[in-house]
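This report concerns only the one structure given below.
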Amino acid sequence: MKIAFVGKGGSGKTTLSSLFIRHLTANEAPVVAVDADINQHLGAALGLDESEAAAMPAMGAHLDLIKNYLRGANPRIASAETMIKTTPPGEGSRLLRVREDNPVYDACARPVLLDDGEIRLMATGPFTESDLGVACYHSKVGAVEMCLNHLVDGPDEYVVVDMTAGSDSFASGMFTRFDMTFLVAEPTRKGVSVYRQYKEYTRDYGIALKVVGNKVQGQDDLDFLREEVGDDLLVTMGHSDWVRGMEKGRPSRFELLEADNRLALQVLQNAAEDSYAHRDWERYTRQMVHFHLKNAESWGNAKTGADLAAQVDPAFVLDERRAVPQPS
């Protein structure tokens with residue numbers, strides 16, 4: 001399953017992402033974790049020290065490699081230079097799988113050892129001083145979108161993406177790339193404002209959206225969230241001494257996380273697993289093509305000098321039946 005964590009800055013989105021990743025690993029699920037936030041903190045939340053987090057390769061720096069690998073032998077894509085972040089796969093394209101080795105993972109992913117197992121971590125890379133005034137962060141996140149467009153994953157596999165804060169995800173079609181989106185919201189007016197934006201923007205796309213209440217300290221906080229988000233409120237997380245220790249760089253073993261919070265994480269996993277019954281690869285592919293055509297018309301054709309609509313393979317549907325390894 002492909003899972004996104006979203007929310008306003010400071011809501012605890014990255015912390016919840018890291019806890020969910022740890023929980024999945026404790027339950028022996030294979031996980032690829034992706035830090036797609038402009039503030040690259042997921043590695044640290046998963047236990048990397050500053051030097052280890054700084055040494056993470058930036059996906060955006062390997063965009064040419066990603067394009068050339070995913071393009072494969074697709075005859076509709078004339079060159080890697082004509083691929084944009086929304087380019088969909090077709091016959092001949094190479095696909096990514098959670099449990100495999102490939103050149104994209106070799107270049108962009110690093111293993112991270114947690115208490116209960118190992119995950120793969122990928123990161124878009126930070127917004128650097130050289131980017132100021134000349135680059136848009138969405139160009140960096142484009143590498144993530146391209147990989148998600150070419151990913152086939154099964155019901156017992158997880159790709160967990162810590163998304164950029166606020167509603168920036170809607171600058172592309174990446175918000176439609178997930179089986180489940182968990183929106184982390186504090187019990188405040190600002191905390192639920194991003195929820196309202198997401199609810200409105202995703203209304204016509206069949207997005208599975210659930211709210212995780214964070215920093216909930218009592219019944220009044222719970223009542224507030226229920227009044228503001230209704231049935232979309234899935235579960236709440238309370239105060240955690242374990243998280244406080246983790247944020248100070250002194251985490252205990254994950255098995256010592258408070259029982260209530262462990263149960264809340266299991267609720268998240270149950271919701272993610274339930275979403276598999278509603279997975280619709282045809283709709284997923286159709287939405288991928290929809291956003292590709294929009295991007296091609298608005299800027300892609302002009303930038304690449306090619307008719308990017310011709311990249312669409314009308315007979316191609318991305319689904320698990322294509323999850324057969326291809327030559328590299």
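The values are calculated or read from the model by the stated rules, or taken from the named source; none is laboratory data. Bear in mind the structure is a predicted one, so any value in this text is a computation, not a measurement. Virtual Cβ from ideal backbone geometry, glycine too; neighbours counted across all protein chains shown. Note: accessible area is taken over every heavy atom of the protein model, side chains too, but ligands, DNA and RNA are not part of it. Shrake-Rupley method; radii C 1.70, N 1.55, O 1.52, S 1.80 Å.
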*Check off (1) crowded, with 20+ Cβ neighbours inside 10 Å; (2) in contact with a Ser or Thr (Cβ under 7 Å, 6 or more places away or on another chain); (3) modelled with pLDDT under 95; (4) not polar (S, T, N, Q) for GLY213 and give me the number that stays unchecked.*
(3)
_Neighbours by Cβ (under 8 Å, 6+ apart or cross-chain): first from region 261-278, more than 15 Å from PHE182 (Cβ to Cβ); second part of a helix (DSSP H, G or I) and open to solvent by less than 70 Å² (accessible area, probe 1.4 Å)_ = ARG262/HIS23
*Among the residues of region 105-124, write down those that are under 15 Å from the mean Cα position of the chain (by Cα) and in a strand (DSSP E or B).*
ALA109, ILE119, ARG120, LEU121, MET122, ALA123
*Residues being in contact with a Lys or Arg (Cβ under 8 Å, 6 or more places away or on another chain), among the basic types (Lys, Arg) and open to solvent by less than 20 Å² (accessible area, probe 1.4 Å) - total across region 1-51*: 1
*Considering each residue of region 57-104, count those that are part of a loop (DSSP other than H, G, I, E, B), touching a helix residue (DSSP H, G or I) at 6+ places or on another chain (Cβ under 9 Å) and of a type in the set (Val, Ile, Thr), and give that number.*
4
*Name every residue in region 80-94 that is within 14 Å of LEU151 (Cα to Cα) and surrounded by 20 or more Cβ atoms within 10 Å (Cβ to Cβ), in order of residue number.*
LYS85, THR86, THR87, PRO88, PRO89, SER93, ARG94
_Looking at region 233-245, can you tell me whether even one residue there is more than 30 Å from LEU95 (Cβ to Cβ), open to solvent by 20 Å² or more (accessible area, probe 1.4 Å) and charged (D, E, K, R)?_
yes
*Quick one: would you say ALA277 is open to solvent by less than 30 Å² (accessible area, probe 1.4 Å), under 29 Å from THR25 (Cα atoms) and either acidic (Asp, Glu) or out of contact with any Ser or Thr (no Cβ under 6 Å at 6 or more places or on another chain) (or both)?*
no
_Among the residues listed as SER252, SER298, the single one being surrounded by fewer than 17 Cβ atoms within 10 Å (Cβ to Cβ), touching a Gly at 6+ places or on another chain (Cβ under 7 Å) and polar (S, T, N, Q)_ = SER252
_Among the candidates TYR137, TYR195, TYR205, residue that is modelled with pLDDT of 90 or more, closer than 20 Å to THR87 by Cβ and open to solvent by 10 Å² or more (accessible area, probe 1.4 Å)_ = TYR205
*For ALA29, state whether it is among the hydrophobic types (A, V, I, L, M, F, W, C), closer than 25 Å to SER11 by Cβ, in a loop (DSSP other than H, G, I, E, B) and at pLDDT 95 or above.*
yes
*Which residue pairs have Cβ atoms under 9 Å apart, sit 6 or more places apart or on different chains, and have a first residue in region 238-253 that is among the polar types (S, T, N, Q) and a second that is surrounded by 13 or more Cβ atoms within 10 Å (Cβ to Cβ) and in a loop (DSSP other than H, G, I, E, B)?*
SER240/LEU257; SER240/GLU258
*Please specify each residue of region 116-134 satisfying the condition of being at pLDDT below 95 and open to solvent by 40 Å² or more (accessible area, probe 1.4 Å).*
ASP116, PRO126, PHE127, THR128, GLU129, SER130, LEU132, GLY133, VAL134
